[in-house]
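Peer 1: Please see the structure below; I have some questions.
The values are calculated or read from the model by the stated rules, or taken from the named source; none is laboratory data. Keep in mind the model is a prediction, meaning the values are calculated, not measured. Virtual Cβ from ideal backbone geometry, glycine too; neighbours counted across all protein chains shown. Each accessible area value is taken on the protein alone, full model and side chains, heavy atoms only, with ligands, DNA and RNA left out. Shrake-Rupley method; radii C 1.70, N 1.55, O 1.52, S 1.80 Å.
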Amino acid sequence: MTRDIALGQYFPGKSVIHRLDPRLKLILTVAFIVYIFVVHNFWGLGFLILCTAAMLLTSGVPVRLYFKSIKGILFIVLFTAVLNLFYGSGEPLWQWGFLTITQQGIFNAIFIAVRIAGLVLFSSVLTFTTSPTDLTDAMERLLKPLSKLHVKVHEIAMMMTIALRFVPTLLEETDKIMAAQKARGADMESGGLMQRIKALVPVLIPLFVSSFRRAYDLAMAMECRCYHGGEGRTKMKVLHLTRLDAGAALAGIAALVVVILCNVFFARVF
Amino acid sequence: MTPLLETKNVTCVYSPHTPFEKRAVDSVSIKIEKGDFIGVIGHTGSGKSTLIQMLNGLIRPTSGQVLLNGRDIWENPKKIRAVRFKVGMVFQYPEDQLFEETVLKDIMFGPRNMGLPDEEIERRARDAAHFVGLPDELLERSPFELSGGEKRRAAIAGVIAMDPDVLILDEPAAGLDPAGRDVLLSSITSYHRTRGNTVLFVSHSMEDVARVADRVLVMNDAHVEMFGTTKEVFSQAGRLSQIGLQVPQITQIMSILKDEGYPVETTLTLEEAVAQLLPLLPKGGDDL
């Protein structure tokens, strides 16, 4: 049951996107999200949808999984789209009571829906093709300049790594404890909201107890290996940019040029 | 007569259609009669845990049937809880499931979920605590104050208190010291003897299985490798070692003696071995 949560689920593979440097992937993901929010006409939007489709296909991850991550936010997408439908200005196309739909409203709805879906899909490509450790590693390196400002970048990255590392462990533990309580007749699938919340107590208390125990054990193990924070620490896996990364960076810049050209040459519709 | 618990070609596949697809149990058909004491052995990953969780409806088989008293337990998925009260399951490291304020309340959790009257719940909980040898003064303490062995026994009592027809124990003695292990095993055997209920006992310790079980189910690579009386199974040391399992040490020693031409039989426990070997000594071992 808890296994259905596609939370940063890494999908191992050997595609071009899998082999890219995680730092570059992170930057490109942010860039593409910016593009999709900057673009203001259908030409640019269409271009970015094509880019997204191409990326999903080259990632080698079953398209089914992407649909699953979209399904999770389908409600939010539809809700904001419908809300935006009624908030356009200009000539009404259709009117009923206080509800008016204008051409602008329809465009708004389409843009909002595509933007949210794009945001989720881009981040899914990143999390499906990058292992959590690579991802936090990339983040640590990209944020390195902040350590000049006394931001504890290494500590933050370490906390993220540990948190991500323990997500599957905690899920497994939750499954185990839930199974044990179900075996004693705990009923977690029926009843009202209050009853369901109450039914979680027998799961949450053992989970808390074991999490604290794990945290103590981990802290002890880290101290035993003389861990003392980021100062003077070297990396086992040093990241290198390759030709492949250069190509991907060029593709990202080319996409930026196309987006700018679309915005310059075609009229704003949103 | 219909067996108490029966599986018909049950198969369980985890994460189908992904790179992580795993066939954990592959068309297993077994019959378990009332009053059986069955030891379940097999390598890590052989499918034992999945199989036993299908027996009480915690995992729904991908295909095949699990029959309890001749009826498919998934006939009505809404009634699956009733099956879990009849087939009680004690997981590995069951002390991780304790959560109540007092030990007694924790043991009462199962019977309370059955919707029994209050006096009956408390009577059952105290009975169960007595069965596993928890002294009365511990029952009002917090479960988190108990020692490892006591926690283990409290958790097992929580399942016994539901008075299931079949009790499944997954590695109940793992991580206990030898004394705790002895106490636990003897309370399980006395539970089986006095209540006459069916017990399934999963273990990595061949010595423990030889000591308590009447029949042994050997799982290997998602299949049933052997299912017979304890003597039958442990007399096939060669076949067991092929799948990476061993027979109890005393059985090994006795089979070597047998191969050397001594008149001894397949033996499972130290006591039996002594009874066979003493008469072979000069003067029947009287001078020892």
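Peer 1: Restricting to region B:101-111, name every residue that is facing chain A (nearest Cβ under 8 Å) and open to solvent by 10 Å² or more (accessible area, probe 1.4 Å).
Peer 2: Once the filter is applied, which keeps residues that are facing chain A (nearest Cβ under 8 Å) and open to solvent by 10 Å² or more (accessible area, probe 1.4 Å), region B:101-111 yields only B:F109.
Peer 1: Is it the case that region A:133-140 has a residue that's open to solvent by less than 50 Å² (accessible area, probe 1.4 Å), free of Cβ contacts under 8 Å to residues at least 60 places away in the same chain and either within 14 Å of another protein chain (Cβ to nearest Cβ) or not aliphatic (A, V, I, L, M) (or both)?
Peer 2: Checked region A:133-140: at least one residue is open to solvent by less than 50 Å² (accessible area, probe 1.4 Å), free of Cβ contacts under 8 Å to residues at least 60 places away in the same chain and either within 14 Å of another protein chain (Cβ to nearest Cβ) or not aliphatic (A, V, I, L, M) (or both).
Peer 1: Sort out for me the helices (runs of 4 or more DSSP H) sitting completely within region A:2-73 that have 3 or more residues that are at pLDDT 90 or above and either open to solvent by 20 Å² or more (accessible area, probe 1.4 Å) or assigned by TED's automatic domain parsing to the domain that holds A:F122 (or both).
Peer 2: So the answer is A:22-38, A:42-58.
Peer 1: So the check is Cβ under 9 Å with 6+ separation or different chains; which pairs have a first residue in region B:93-106 that's β-branched (V, I, T) and a second one that's open to solvent by 40 Å² or more (accessible area, probe 1.4 Å) and part of a loop (DSSP other than H, G, I, E, B)?
Peer 2: From region B:93-106, the pairs are B:T102/B:E140; B:T102/B:R141; B:V103/B:E140; B:V103/B:R141.
Peer 1: Within region B:23-37, can one find any residue that is farther than 22 Å from B:S203 by Cα, open to solvent by 70 Å² or more (accessible area, probe 1.4 Å) and among the charged types (D, E, K, R)?
Peer 2: No, there is no match, as no residue in region B:23-37 is farther than 22 Å from B:S203 by Cα, open to solvent by 70 Å² or more (accessible area, probe 1.4 Å) and among the charged types (D, E, K, R).
Peer 1: Confirm whether B:R123 is surrounded by 17 or more Cβ atoms within 10 Å (Cβ to Cβ), more than 23 Å from B:I30 (Cα to Cα) and away from chain A (no Cβ under 14 Å).
Peer 2: When the stated conditions are applied, B:R123 does not pass them.
Peer 1: Quick one: how many residues across region B:1-22 are open to solvent by 30 Å² or more (accessible area, probe 1.4 Å), assigned to a loop (DSSP other than H, G, I, E, B) and either away from chain A (no Cβ under 14 Å) or at negative phi (or both)?
Peer 2: Adding up the residues that qualify gives 7.
Peer 1: Right, here's the next one. Return a yes/no flag: does region A:156-172 have any residue that is within 12 Å of chain B (Cβ to nearest Cβ), under 18 Å from B:F99 (Cα atoms) and surrounded by 15 or more Cβ atoms within 10 Å (Cβ to Cβ).
Peer 2: Checked against the condition, which is being within 12 Å of chain B (Cβ to nearest Cβ), under 18 Å from B:F99 (Cα atoms) and surrounded by 15 or more Cβ atoms within 10 Å (Cβ to Cβ), region A:156-172 yields no hits at all.
Peer 1: Let me ask something additional. If we keep just the residues of region B:228-246 that are out of contact with any helix residue (DSSP H, G or I) (no Cβ under 8 Å at 6 or more places or on another chain) and either touching a residue at least 40 places away in the same chain (Cβ under 8 Å) or within 17 Å of B:T50 (Cα to Cα) (or both), which is surrounded by the fewest Cβ atoms within 10 Å (Cβ to Cβ)?
Peer 2: If we take residues in region B:228-246 being out of contact with any helix residue (DSSP H, G or I) (no Cβ under 8 Å at 6 or more places or on another chain) and either touching a residue at least 40 places away in the same chain (Cβ under 8 Å) or within 17 Å of B:T50 (Cα to Cα) (or both), then B:G244 is surrounded by the fewest Cβ atoms within 10 Å (Cβ to Cβ).
Peer 1: Tell me, please, whether a residue that is in a helix (DSSP H, G or I) and at pLDDT below 85 can be found in region A:106-121.
Peer 2: No: region A:106-121 contains no residue that is in a helix (DSSP H, G or I) and at pLDDT below 85.
Peer 1: For region A:186-197, name all the residues that are open to solvent by 70 Å² or more (accessible area, probe 1.4 Å) and within 11 Å of chain B (Cβ to nearest Cβ).
Peer 2: A:E189, the sole residue that qualifies.
Peer 1: Output yes when any residue across region A:104-121 is in contact (Cβ under 8 Å) with a residue 24 or more places away in the chain and under 18 Å from A:F11 (Cα atoms), and no when none is.
Peer 2: Yes.
Peer 1: Kindly indicate whether B:P143 is within 12 Å of chain A (Cβ to nearest Cβ), exposed (fewer than 14 other Cβ atoms within 10 Å of the Cβ) and more than 18 Å from the chain's Cα centre (by Cα).
Peer 2: Spelling it out, it is not the case that B:P143 is within 12 Å of chain A (Cβ to nearest Cβ), exposed (fewer than 14 other Cβ atoms within 10 Å of the Cβ) and more than 18 Å from the chain's Cα centre (by Cα).
Peer 1: Of A:K152, A:K182, A:K144, A:K148, which residue is among the charged types (D, E, K, R), within 14 Å of another protein chain (Cβ to nearest Cβ) and more than 20 Å from the chain's Cα centre (by Cα)?
Peer 2: Numbers: A:K152 fails: within 14 Å of another protein chain (Cβ to nearest Cβ); A:K144 fails: within 14 Å of another protein chain (Cβ to nearest Cβ); A:K148 fails: within 14 Å of another protein chain (Cβ to nearest Cβ).
Step by step, each of A:K152, A:K182, A:K144, A:K148 is checked, and only A:K182 is among the charged types (D, E, K, R), within 14 Å of another protein chain (Cβ to nearest Cβ) and more than 20 Å from the chain's Cα centre (by Cα).
Peer 1: Still on this structure, I have one more. If I go through region B:214-227 residue by residue, how many of them are within 20 Å of B:M254 (Cα to Cα), open to solvent by 50 Å² or more (accessible area, probe 1.4 Å) and of a type in the set (A, V, I, L, M)?
Peer 2: Of the residues in region B:214-227, 0 are within 20 Å of B:M254 (Cα to Cα), open to solvent by 50 Å² or more (accessible area, probe 1.4 Å) and of a type in the set (A, V, I, L, M).
Peer 1: Which residue out of A:V39, A:V30 is touching a Leu at 6+ places or on another chain (Cβ under 6 Å) and away from chain B (no Cβ under 14 Å)?
Peer 2: On the way: A:V30 fails: touching a Leu at 6+ places or on another chain (Cβ under 6 Å).
Result: A:V39 is the single residue among A:V39, A:V30 that is touching a Leu at 6+ places or on another chain (Cβ under 6 Å) and away from chain B (no Cβ under 14 Å).
Peer 1: Moving on. Is there any pair with a first residue in region A:46-72 that is within 14 Å of chain B (Cβ to nearest Cβ) and a second that is open to solvent by 30 Å² or more (accessible area, probe 1.4 Å) and of a type in the set (D, E) whose Cβ atoms are under 9 Å apart and which are 6 or more apart or on different chains, and what are they?
Peer 2: A:K68/A:D4
Peer 1: If you don't mind, there's one more thing I want to ask. For region A:203-214, indicate whether the set of residues that are of a type outside the set (S, T, N, Q) and within 27 Å of A:E140 (Cα to Cα) is non-empty.
Peer 2: yes
Let's see how each residue does on (1) within 18 Å of the chain's Cα centre (by Cα); (2) at pLDDT 90 or above:
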| site | (1), (2) |
| --- | --- |
| B:F20 | no, no |
| B:K31 | yes, yes |
| B:I52 | yes, yes |
| B:R60 | no, yes |
| B:S63 | no, yes |
| B:R84 | yes, yes |
| B:P94 | yes, yes |
| B:E100 | no, yes |
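Peer 1: Is there a residue being open to solvent by 30 Å² or more (accessible area, probe 1.4 Å) and more than 14 Å from chain B (Cβ to nearest Cβ) anywhere in region A:198-209?
Peer 2: Looking through region A:198-209, none of the residues is open to solvent by 30 Å² or more (accessible area, probe 1.4 Å) and more than 14 Å from chain B (Cβ to nearest Cβ).
Peer 1: In addition: Condition first: away from chain A (no Cβ under 14 Å), open to solvent by 10 Å² or more (accessible area, probe 1.4 Å) and in contact (Cβ under 8 Å) with a residue 12 or more places away in the chain. Can you find one or more residues in region B:48-56 that meet it?
Peer 2: Scanning region B:48-56, I find at least one residue that is away from chain A (no Cβ under 14 Å), open to solvent by 10 Å² or more (accessible area, probe 1.4 Å) and in contact (Cβ under 8 Å) with a residue 12 or more places away in the chain, so the answer is yes.
Here's the yes/no breakdown for (1) touching a Ser or Thr at 6+ places or on another chain (Cβ under 9 Å); (2) surrounded by fewer than 21 Cβ atoms within 10 Å (Cβ to Cβ); (3) of a type in the set (K, R):
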| position | (1), (2), (3) |
| --- | --- |
| B:I156 | yes, no, no |
| B:A161 | no, no, no |
| B:L169 | yes, no, no |
| B:A173 | yes, no, no |
| B:L176 | no, yes, no |
| B:R181 | yes, yes, yes |
| B:S186 | no, yes, no |
| B:H192 | yes, yes, no |
| B:R195 | no, yes, yes |
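Peer 1: For region B:75-100, enumerate the residues that are polar (S, T, N, Q), assigned to a loop (DSSP other than H, G, I, E, B) and facing chain A (nearest Cβ under 9 Å). First the steps, then the outcome.
Peer 2: Let us first name the residues in region B:75-100 that are polar (S, T, N, Q), namely B:76, B:92, B:97.
Those still in the list that are assigned to a loop (DSSP other than H, G, I, E, B) too: B:76, B:92.
Within region B:75-100, just B:Q92 meets the criteria.
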